[in-house]
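Structure first, then comments.
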Amino acid sequence: MARVLIVGGYGNAGWRVAEGLLRDSDAELMLAGRNPGRATQLAATLPIDRRGRVSFRRLDATDAQAVAAALDDIDLLIVAAGSTRVCLACARAAISRATDYLDIQFNHAKERVLAELRGQFVAAGVVAVTEGGFHPGVPGAMIRLMASRVPGLARARVSSVIEVDWASLGVLSDSTVSEITDQVADFRMAELADGHWRKSTRRMKVDFGAPFGIRKVVSMDLPELHEVADSLPQLRQVGFYVGGFGPVIDTAVLPLVWMATRIPSERAAAAGGRLLVASLRRFSKPPFGTVLQLDGGLPGGPDRTLMRVGHADAYLLTAEPAVSAAQMILAGPAHPPGLYRQASFVEPVTFFRDIEAAGVNVEIFG
Ligand SMILES: NC(=O)c1ccc[n+]([C@@H]2O[C@H](COP(=O)([O-])OP(=O)(O)OC[C@H]3O[C@@H](n4cnc5c(N)ncnc54)[C@H](OP(=O)(O)O)[C@@H]3O)[C@@H](O)[C@H]2O)c1
């Protein structure tokens, strides 16, 4: 029976990952964080036959030695806590204990830090999967799936609607709030056009169908798409596109948060994150839900919608792809030790079957 340690396992995303693993596997889970009382409360909501498979551990995951000490008999370390320091400490601990690793975080600083550890993952025999979840994590897998079904696919754009009911979310950890400021600072625009990556600031209109209709989106640079485009050279146009948070936040709040990112201080980052989260809780409006839509086509032909993936709960859409990836890691050596992005690591047919079986809406038109 596999044993999995989930750092942040009682957070919004981590708890759903835990629920998915309890449902789909016979793994025993240890949920770790700095306030295990919260974990105990959540565990009381589990069906009685699953409670015995869950234990808790107080752990500050910025301390690599403390994480390593928690990895006795652990097969997989999942990081569902949001900070580069946590990911770095967890990655070092995973290497020191030869434990496989999965995180669901996206930022360029973490990416650089993990890339520096690539050789150590290999030497330690660790399978490390980064950028799990749906955004990043799913767009590249959608393109891989559709490229296998539509021979000659030359253009593939994945656009998103991400409307979270922020007011209904539970407490967010201080590190998650600060991470939100980092993500604003980290935002980069890029798309592949005519086979070359370039900065793109154009706003496109995309029709997502009911209930979201036509939305304006801009490009967001996702490293997984560079990897996918490199592996599928017939693709000449590739990109990931996101909408805004609504007029008040886009025009009044985000510029202030962006200014906070210019001040090199953790307090400024925390203040920027708190302002953004408070504004999101105040101004987010229904309809809520998340959709990833792949539009594309053949050389010289028209574009059409080829695939949609979505769910009303953005956290479920975060967790289920990570649950599928975790099961693939636990299942054994489909890949040799090394560092992978979830979008390239997963076997796309099984991956989309898994998340559909877990309740994610997966529609394939191509
Ligand atoms: N890829 C995707 O699709 C996607 C989508 C959504 C979210 N995410 C990512 O998922 C992560 C979690 O987001 P969330 O919204 O679930 O946040 P959250 O609700 O605030 O949960 C974060 C969890 O991490 C724990 N934690 C924070 N710092 C810690 C530390 N130093 N040591 C141990 N535990 C720590 C927190 O517990 P304590 O504070 O009690 O320690 C909490 O349980 C973030 O990195 C976010 O960017 C990814």
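Restricting to region 91-109, what's the tally of residues that are assigned to a helix (DSSP H, G or I), touching a helix residue (DSSP H, G or I) at 6+ places or on another chain (Cβ under 7 Å) and under 21 Å from VAL4 (Cβ atoms)?
Residues meeting the conditions: 5.
Yes or no, residue by residue, for (1) near the ligand (Cβ under 8 Å from one of its atoms); (2) modelled with pLDDT under 95:
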position: ALA61; (1), (2): yes, no
position: ILE74; (1), (2): no, no
position: ARG85; (1), (2): yes, yes
position: ALA91; (1), (2): no, no
position: ALA94; (1), (2): no, no
position: PHE106; (1), (2): yes, yes
position: VAL113; (1), (2): no, yes
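Of everything in region 341-352, what is closer than 11 Å to PRO321 by Cα and either touching a strand residue (DSSP E or B) at 6+ places or on another chain (Cβ under 8 Å) or in a loop (DSSP other than H, G, I, E, B) (or both)? Give them in sequence order.
Across region 341-352, the qualifying residues are GLN342, VAL346, PHE352.
Taking ALA81, is it near the ligand (Cβ under 8 Å from one of its atoms) and in contact (Cβ under 8 Å) with a residue 24 or more places away in the chain?
So ALA81 passes the test.
Inspect region 183-192 for any residue being touching a residue at least 60 places away in the same chain (Cβ under 8 Å), hydrophobic (A, V, I, L, M, F, W, C) and more than 23 Å from GLY289 (Cβ to Cβ) and give the result as yes or no.
yes
Hey, does region 332-340 have a residue that's surrounded by 19 or more Cβ atoms within 10 Å (Cβ to Cβ) and either part of a strand (DSSP E or B) or small (Gly, Ala, Ser) (or both)?
Within region 332-340, one or more residues are surrounded by 19 or more Cβ atoms within 10 Å (Cβ to Cβ) and either part of a strand (DSSP E or B) or small (Gly, Ala, Ser) (or both).
Consider PHE208 against the criteria (1) buried (at least 18 other Cβ atoms within 10 Å of the Cβ); (2) within 21 Å of ARG341 (Cα to Cα); (3) among the hydrophobic types (A, V, I, L, M, F, W, C): it satisfies all of them except one. Which criterion is unmet?
(2)
Here is a check on your reading of the model: is SER344 surrounded by fewer than 22 Cβ atoms within 10 Å (Cβ to Cβ), under 21 Å from the mean Cα position of the chain (by Cα) and polar (S, T, N, Q)?
Answer is yes for this residue.
Would you pick out the residues in region 110-125 that are surrounded by fewer than 16 Cβ atoms within 10 Å (Cβ to Cβ), of a type outside the set (A, V, I, L, M) and assigned to a helix (DSSP H, G or I)?
Within region 110-125, ARG112, GLU116, ARG118, GLY119 meet the criteria.
Pull out all pairs, ordered by first then second residue, where Cβ-Cβ is under 6 Å, the residues are six or more apart or on different chains, the first lies in region 169-180 and is closer than 10 Å to SER83 by Cβ, and the second is modelled with pLDDT of 85 or more and more than 6 Å from the ligand (Cβ to nearest atom).
SER178/ALA270; SER178/GLY273
Condition check ((1) assigned by TED's automatic domain parsing to the domain that holds LEU192; (2) surrounded by 21 or more Cβ atoms within 10 Å (Cβ to Cβ); (3) in contact (Cβ under 8 Å) with a residue 40 or more places away in the chain; (4) not in a loop (DSSP other than H, G, I, E, B)) across all residues:
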site: ALA269; (1), (2), (3), (4): yes, yes, yes, yes
site: VAL277; (1), (2), (3), (4): yes, no, yes, yes
site: LEU292; (1), (2), (3), (4): yes, yes, yes, yes
site: PRO302; (1), (2), (3), (4): yes, no, no, no
site: LEU306; (1), (2), (3), (4): yes, yes, yes, yes
site: PRO321; (1), (2), (3), (4): no, yes, yes, yes
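Sort out which residues of region 127-186 are within 14 Å of the ligand (Cβ to nearest atom) and in contact with a Pro (Cβ under 7 Å, 6 or more places away or on another chain), and write them in order of number.
Residues satisfying the conditions are GLY132, GLY133, PHE134, GLY137, VAL138, ALA141, VAL158, GLU163.
The values are calculated or read from the model by the stated rules, or taken from the named source; none is laboratory data. Predicted model only: the values in this text are computed from it and were never measured. FYI the Cβ positions are ideal-geometry reconstructions off the backbone, even for glycines, and counts take in every protein chain you see.
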